[in-house]
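One structure below.
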Amino acid sequence: MLEDLMLPEITSQRLNVDRRDILKMGLTGLLGAIVPLVPARNAWAKSNYDSWKISFRHSHTGESFSGVYRVGDRYLPEAFERINYVLRDFRTEEVFPMDPHTIDILALIHKKMGLTEGYETLSGYRSPKTNAMLRHTGTGVAKNSFHMYGQAIDFRVPGRNTSKLRNTAKTLKAGGVGYYPNSNFVHVDTGSVRSW
């Protein structure tokens with residue numbers, strides 16, 4: 001199986017690849033799918049799910065994902081192909097691998113709140129170009145946003161109080177939690193534990 005994952009040998013050309021190129025090629029998503037989860041934070045270390053499920057619809061495109069994305073400590077590559085596509089930068093059509101732990105945070109919030117309905121996502125991956133445009137035209141957009149690395153999601157649950165979503169996300173202590181009551185959404189990311 002490992003030989004299937006090896007990159008072809010390059011003999012006559014020098015390959016210049018930076019970190020961003022590697023991420024764009026989806027190796028992060030592939031590694032996330034084949035490498036067991038390292039329980040780095042209490043939120044997912046304490047969970048004993050066999051099958052992890054998530055359901056969301058992107059508010060700007062109407063596209064959705066609903067199903068199992070992880071079994072035990074293994075992420076499913078075919079699920080992440082669809083997740084990455086649905087959570088792409090819809091303005092530029094650029095697809096980027098989402099951090100699986102970001103999806104775990106959503107699944108844990110869902111379970112902890114006993115939700116039955118799916119999420120409405122507003123933003124997953126955001127290209128640097130889109131991030132700069134949003135930063136220029138609005139407020140509350142970080143210059144070095146976690147969205148640009150596939151490590152953040154902005155979401156809501158129709159008919160549910162976003163302050164309760166925020167409070168539940170904060171109890172996980174699994175990363176950053178932002179609350180935007182005027183726009184009626186919550187932001188979660190896999191950065192350091194903090195809230196605003």
Inset, instruction - Per residue of region 69-82, in order, report the coupling 6.51 cos²θ - 1.76 cosθ + 1.60 (Karplus, θ = phi - 60°) as ³J(HN,Hα) in whole Hz, putting x for Gly and Pro. - result: 10, 8, 10, x, 9, 10, 7, 9, x, 5, 5, 6, 4, 6
Legend entry - Cα-only radius of gyration and Dmax that characterise region 152-196, units Å: 9.6, 29
Legend entry - Projected label distance in nm at N144 and R82, using a 7 Å step from Cα toward the beta-carbon: 3.6
Inset, instruction - Enumerate the amide H contacts of E63 below 5 Å, restricted to partners 5 or more residues apart or on another chain; note that Pro and chain-start residues carry no placed amide H. - result: H58
Legend entry - Alpha-carbon Rg with Dmax, taken over region 96-193, Å: 12.9, 38
Legend entry - Per-residue HN-Hα couplings for region 156-170 [Karplus 6.51, -1.76, 1.60; θ = phi - 60°; Hz; x = Gly/Pro]: 8, 10, x, x, 10, 6, 5, 5, 5, 4, 4, 4, 5, 4, 5
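Just so you know, all these numbers are worked out from the coordinates, no wet-lab data involved. All figures in this text were calculated on a predicted structure; none of them were measured in a lab. Virtual Cβ from ideal backbone geometry, glycine too; neighbours counted across all protein chains shown.
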